[in-house]
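One structure is given here, and the rest of the page talks about it.
Just so it is clear, none of the values below were taken in a lab; they were calculated from the coordinates. Because the structure is a prediction, the values reported are computed rather than measured. Positions of Cβ are backbone-derived with ideal geometry, glycine not excepted, and every protein chain shown enters the neighbour counts.
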Amino acid sequence: MAAVRDFRHGQAALEAADAVALAKGHLVQPWPYAGDIGAEARSLVTSGDGIYLIDGDGKKLIDGPAGMWCINAGHRREELARVMYEQTMELSYNTPWYTMNAPSAELSHRIADHAPGDLSHVFYTTGGSSAVETALRFMQFYNNVRGRPEKKLILSRGGAYHGSTYLSASLNGRPRDRDWMDGADELVVKLSSPDPFRRPKGMTLEAFADFLVDEFRDSVKRLGADRIGCFVGEPVQASGGVIVPPAGYLKRIREICRENDILYVSDEVVTAFGRLGHVFASETLFDIEPDMITFAKGVTSGYFPLGGVVISERLLRDLNRSNHPDAMFGHGYTYTSHPVGCAVALKNLDLLEEGLLDHVREVGPYFQARLKTLEELPLVGDVRGAGLMACVECVADRESMDPLQLDKDVGKRIDAHCHELGLLVRPLINMCVMSPPLVITREQIDHLVEILREGISRTMDDLRKEGVWQG
Ligand SMILES: Cc1ncc(COP(=O)(O)O)c(C=O)c1O
C-alpha cells in the first residue's frame, strides 16, 4: 500500500495501511450496517486529478459518481484551490448573525440571475440536507405567519432522497432508508415514484403521467389543500436510481400546487450547477417555476460544504406585508453565507458559464447513448438518465423485472470488478449510478463504458457459477 501525504509535516507520513487501521478503530462512516458500524474499512482514496482518483494501492480509478454527484469541475482544479486560499487569507469567517460578507452577496445576485421566475433571494446552508430542512422550516414559518398553522403537510414520493436531517430524511422514499430509522411521519404523505421503468405493465407513458397527476390531485382533495404546505420533488430523482419522470408530469403537478396554494420546492441538490447542462434544470428542462429551489454539491464542485435555498420574491413580500412583522424566522447556521464557500462557488460558476455547461450539453447525449448499449447484456434491465447522470438497473429477468431475486449485492459486485479494472461505481442495491465529473471527454466516456461492460460481464459469470442466476 502507498503512503498518504501529510501536509502538516510536508512529508509522506502515514502509510495507507495505517490509515485503514485508524479508520477501523475510530471512524464512523455514513450509512453503515449495525454489524460492522465503527469497524469498517472502505476503499481508501489518497488523491485526485480531473476525472481520476488514486486509491490506497496507488491504482488509478475513474471517479464514476464524481464523489457524491458533486465534483462537477473535476478534482484538483487550481483556480478553485487558489480562490479558497486567497479568500481565507482575506476573510476566513464572519458571523452571519449580525455581519455579512461580499462573496455571499455577489453569489446571491448571480444565482438569482440564473434562477427561474421571481426566485430572487438565497439562504445559504451547509449542504443539501440543511437546504431541504431550511425550505421545509421556511414553509412552516410562512404558514404560521400567514395565520394558517394547519397548512403543514409535506407531499413527497417513493424513490425520493432529500437528506439526513430528521425532517428532510422523513421525506425519503427509497427502499431500506427508513427500515430502522424514525421520522416525522405525521407530517409527510408519500405518493408514487414517477419511475417509468416500473410503471404498470402495458401502461403507456402518457397514461402513467395521467395516473401520477390523478393520484396527486386526489391526495390534495382527500387531505385538504388547507392542510398541505408544500410538495418537494427532485426534477430527476437521483439517489432513487436516476428516475427521469414522464414528460409533462412535473409541470402539471406545478399547476395543481399553484391552484391550491401549495408551495412547490424543487430539490436541485444534484441537478443544479451543470449536471444536466444548466445552472438550474427546473425551468429550462421541465418548464416549471418553483417557489423554492434547493441546491448544494455542484455549487462549489464539492470543494467546500455549501448549499442553499433560492426563495421566491413573492413569498418574502407576503411575509414583509403580514400582520406579524415581529415574527422571527428562528433558523440559521454558524456557517450560513460562509465567505470561503461563497468565494469558491463564484469561481466555480465562472467555470460553468465559461464552457462547462456547453460541454455537458455536447457530451451528455453521447454519454447516454454509449451507456444505453449496455442493455445488450442480459443482466441489465434498463439504462436511463439525462445529461451526465445515468443509472444501469439490473434485473433477474426482463419479464418479471424482479430486482429482489437479484438482491445479491449485484451493484456491489459490479463495483468490485470495476474497481479492479479502474472505475469507481456507485452501487445502489441492484443498480449502478454514474455521474462523472463534468469535464469528462468522449474518449474517457468510452473507457468508462468499456470497463462497466466488463464489470457487468464478470458479475454475470460469477452469478452463473454460483448458480443464483441463469440469464
Ligand atoms: C436530491 C438530494 N437532496 C438532498 C441531499 C442531501 O444533501 P447532503 O448530503 O449534502 O446533505 C441529497 C444528497 O445526495 C440529494 O441527492
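Among the residues of the stretch 44-83, what is the count of those that are more than 22 Å from the chain's Cα centre (by Cα), farther than 17 Å from CYS418 by Cα and among the hydrophobic types (A, V, I, L, M, F, W, C)? Of the residues in the stretch 44-83, 2 are more than 22 Å from the chain's Cα centre (by Cα), farther than 17 Å from CYS418 by Cα and among the hydrophobic types (A, V, I, L, M, F, W, C).
Scanning the stretch 300-330 for residues that are out of contact with any strand residue (DSSP E or B) (no Cβ under 6 Å at 6 or more places or on another chain) and within 16 Å of the ligand (Cβ to nearest atom) yields THR300, SER301, GLY302, TYR303, PHE304, PRO305, LEU306. Taking the numbered list (1) crowded, with 23+ Cβ neighbours inside 10 Å; (2) among the hydrophobic types (A, V, I, L, M, F, W, C); (3) closer than 30 Å to LEU91 by Cβ in turn, CYS394 passes all entries but (3). Restricting the first member to the stretch 290-306 and to residues that are touching a residue at least 60 places away in the same chain (Cβ under 8 Å), and the second to residues that are part of a loop (DSSP other than H, G, I, E, B) and acidic (Asp, Glu), the beta-carbon pairs closer than 6 Å and six or more apart or on different chains are ILE293/GLU268; PHE295/GLU268. Could you tell me whether any residue of the stretch 239-257 is surrounded by 24 or more Cβ atoms within 10 Å (Cβ to Cβ) and closer than 22 Å to THR126 by Cα? So far as the stretch 239-257 goes, no, none of its residues is surrounded by 24 or more Cβ atoms within 10 Å (Cβ to Cβ) and closer than 22 Å to THR126 by Cα. Cβ-Cβ distances below 7 Å connect the following pairs, each with a first residue in the stretch 182-209 that is under 24 Å from ASN430 (Cα atoms), a second residue that is aromatic (Phe, Trp, Tyr) and buried (at least 18 other Cβ atoms within 10 Å of the Cβ), and a separation of six or more residues or different chains: LEU191/PHE216; PRO194/TYR249; PRO196/PHE208; ARG199/PHE208.
Of the residues that make up the stretch 278-287, is at least one assigned to a loop (DSSP other than H, G, I, E, B), free of Cβ contacts under 8 Å to residues at least 40 places away in the same chain and either touching a Cys at 6+ places or on another chain (Cβ under 9 Å) or more than 14 Å from the ligand (Cβ to nearest atom) (or both)? Scanning the stretch 278-287, I find at least one residue that is assigned to a loop (DSSP other than H, G, I, E, B), free of Cβ contacts under 8 Å to residues at least 40 places away in the same chain and either touching a Cys at 6+ places or on another chain (Cβ under 9 Å) or more than 14 Å from the ligand (Cβ to nearest atom) (or both), so the answer is yes. When ALA225 is tested against (1) over 19 Å from ASP287 (Cβ atoms); (2) buried (at least 16 other Cβ atoms within 10 Å of the Cβ), just one condition goes unmet, and that condition is (2).
Of everything in the stretch 257-266, what is under 13 Å from ILE228 (Cβ atoms) and touching a helix residue (DSSP H, G or I) at 6+ places or on another chain (Cβ under 6 Å)? Give them in sequence order. Correct list: ASN260, LEU263, TYR264, VAL265. The strands (runs of 3 or more DSSP E) found entirely in the stretch 108-218 that carry 1 or more residues being within 16 Å of the ligand (Cβ to nearest atom) and among the charged types (D, E, K, R) are 153-157, 188-191. One residue alone among ARG458, ARG370, ARG453 is part of a helix (DSSP H, G or I) and in contact with a His (Cβ under 6 Å, 6 or more places away or on another chain), and that residue is ARG458.
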